[in-house]
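Taking it in order: structure first as structure tokens, then the write-up.
Values quoted throughout were computed directly from the atomic coordinates according to the rules given, and no laboratory measurement underlies them. The shown structure was predicted, so the numbers you read here are calculated from the model rather than taken from an experiment. We place every Cβ from the backbone using ideal geometry, glycine too, and count neighbours over all the protein chains shown.
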Amino acid sequence: MKKLHFEIFINAKPEKVWDTVINKESYVEWTRVFSPTPGSTSTYVGGWNKGDTIKFIGSEDENGKENGMLSEIAESRKPEFISIRHLGMINNGVEDTTSDQVKPWIGAHENYTFTEVDGGTKFEVDTDTAEEYEEMFSDAWPKALEKLKEVAER
């Protein structure tokens, strides 16, 4: 598992950035880069409180079945920190927590840190990823953070 780090300064208070990150409407907007196929969106089903199960749904197959990640919120301290622990994948609407394909992801974390700096927020993402996805995430995360900045600063 590879650890990746990304950060951006956003000219908005941590509370506003937090709300932009987790609000369903703004989440779909700032995470669109993770589902670049025309007509595809990135969304979630579930909650952002510690212990909540959350499904990150990036696309649907031709039959309308969901694909994405099955996760839980390992920690949630508004407006400072969110830790997401990945539990498995969702393929064609079926949750998979045991196959060889998902074993490398089980227990991987995606952490968001919100630090107030000079009246704004330093937003940091620390994420575990399988090496085969390192290039994709290294390209996508900076784009997603620029979009998050744009949306949060409106």
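A few comments on the model shown:
- Lys, Arg +1 and Asp, Glu -1 on Cβ, resulting dipole of region 1-143 about Cα centre, debye, nearest 20: 380 debye
- Helical runs assigned H by DSSP (4 residues or longer) give the chain a calculated mean residue ellipticity at 222 nm of -7000 deg cm²/dmol, each run adding -39500 (n - 2.57) before division by the residue total.
- For the pair K122 and K3, label points projected 7 Å from Cα toward Cβ lie 1.7 nm apart.
- In this simple spin-label model, placing a label point 7 Å from the Cα along the Cα-to-Cβ direction at both V28 and T113 gives a separation of 3.2 nm.
- P(r) for region 2-152, from all Cα pairs and a bin width of 10 Å, is 11, 41, 38, 9, 1 %, short bins first.
- Label-point gap, in nm, between E153 and K13 - each point 7 angstrom along Cα→Cβ: 1.9 nm
- Of K2/K147; K13/K55; K13/K103; K78/K143, those spanning more than 32 Å from alpha-carbon to alpha-carbon: K13/K103
- Karplus (6.51, -1.76, 1.60) ³J(HN,Hα), θ = phi - 60°, over region 10-23, in Hz, Gly and Pro reported as x: 10, 7, 7, 5, x, 4, 5, 5, 3, 4, 5, 4, 9, 4
- GNM top mover of I22, I54, I84 - the chain, alpha-carbon springs below 10 Å: I22
- For the chain, the longest principal axis of the alpha carbon atoms and the long axis of helix 134-152 meet at an angle near 40°.
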